[in-house]
1. Quickly work out the ILE19-to-CYS161 label distance, labels modelled 7 Å from Cα along the C-beta direction, and quote it in nm with one decimal.
2. Using Cα springs under 10 Å in a Gaussian network model of the chain, which residue among VAL104, VAL56, VAL90 shows the largest mean-square fluctuation?
3. Kindly point out which whole DSSP H helices in the chain project their C-alpha atoms 20 angstrom or further along the helix axis while averaging a Kyte-Doolittle hydropathy of -1.0 or above.
4. Skip the ligands, DNA and RNA, and give the accessible area per residue of the chain with a 1.4 Å probe, whole Å².
5. With each label point set 7 Å from Cα along the Cα-Cβ vector, what nm distance links TRP78 and LYS196?
6. When the chain is treated as a GNM, springs tying every alpha-carbon pair under 10 Å, which of GLN101, GLN145, GLN127 comes out with the largest mean-square fluctuation?
7. How large a share of the accessible area of the chain, in percent, is made up of carbon and sulfur atoms when the probe is 1.4 Å and the other protein chains stay in place?
8. Once the piece of chain linking THR216 and MET91 is laid out straight, how much longer is it, given 0.36 nm per residue of separation minus the C-alpha distance between them?
Amino acid sequence: MRSLLQPGVLKSAGIAALITSLVSFPRLALWSDRPRPLWLLSLTLTWASFILWSFVFGWLPQTAHRPIPTVKARPALWSAATCAGLAGAVMLRLFIDSVLQPLVPGDYPDTYEAWLAMTLFTLAFDQLFLCFAPFAFFVRLSQNQRAAAGLTVLFGVALLCLRINSLASQVSPFFVAELFVWRTGAGFLALYFYLKGGALLVWWWVLLLQLRHMITLPVPAS
């Protein structure tokens, strides 16, 4: 725990948490049926982001021996991330979105403003919550990157179980299996890009996945 209280870690986590909160704010502002006041949700998100970024800056450099936002990824890695993002976007659009969108329309943007807000939130907080922070926590716990990767993916799958619990009666078991396969594959891909190329490579891959929603958005009136 002492590594989390180092001045450098606290400073880096604080700055990253503020950026995460600011980038995520449009998503909270567009949340029409939010259960708490906007200011309280923003503060809660900032505090949660600070804790999660503390894991990343406090534990990952010691155990993974690499800087967090590595940007010196080889061109081959950028090409791989681009191909994976485009292929994943097509797969999601054809096999996942067509089933989920009618069931949970609130998870899909219906305007360009909503798309931008959702995409910024996905990049800023989702990847921190699903990939960066869990991996730092588990790699600190296990002292083994392979075990930490497996536990991180398992964490994402467990969250998926909670998410689809209410939808299980409305979709086929085959579709549920598709979701689990996607979540597992996407989790390992995100970790691979993270460890090989840093957070920037993960954000690029996820951005390509998010671009698929642009296809269904209405064309702005001229």
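The values are calculated or read from the model by the stated rules, or taken from the named source; none is laboratory data. This structure is a prediction, so every number in the text was calculated from the model and none was measured. Glycine gets a Cβ as well: all are built from the backbone with ideal geometry, and neighbour counts include every protein chain shown. Note: areas computed on protein heavy atoms with side chains; ligands, DNA, RNA excluded. Shrake-Rupley method; radii C 1.70, N 1.55, O 1.52, S 1.80 Å.
1. Label at CYS161, label at ILE19, 3.5 nm between them.
2. In the Gaussian network model the winner is VAL104.
3. 7-29, 38-64, 75-91, 145-164, 173-197
4. Numbers: 12170 Å² over 222 residues.
Computed with neighbouring chains in place, this is 55 Å² per residue.
5. That separation, rounded to one decimal, is 1.5 nm.
6. Largest GNM mean-square fluctuation: GLN101.
7. Values: 8630 of 12170 Å².
Carbon and sulfur: 71 percent of the exposed surface of the chain.
8. 43.5 nm
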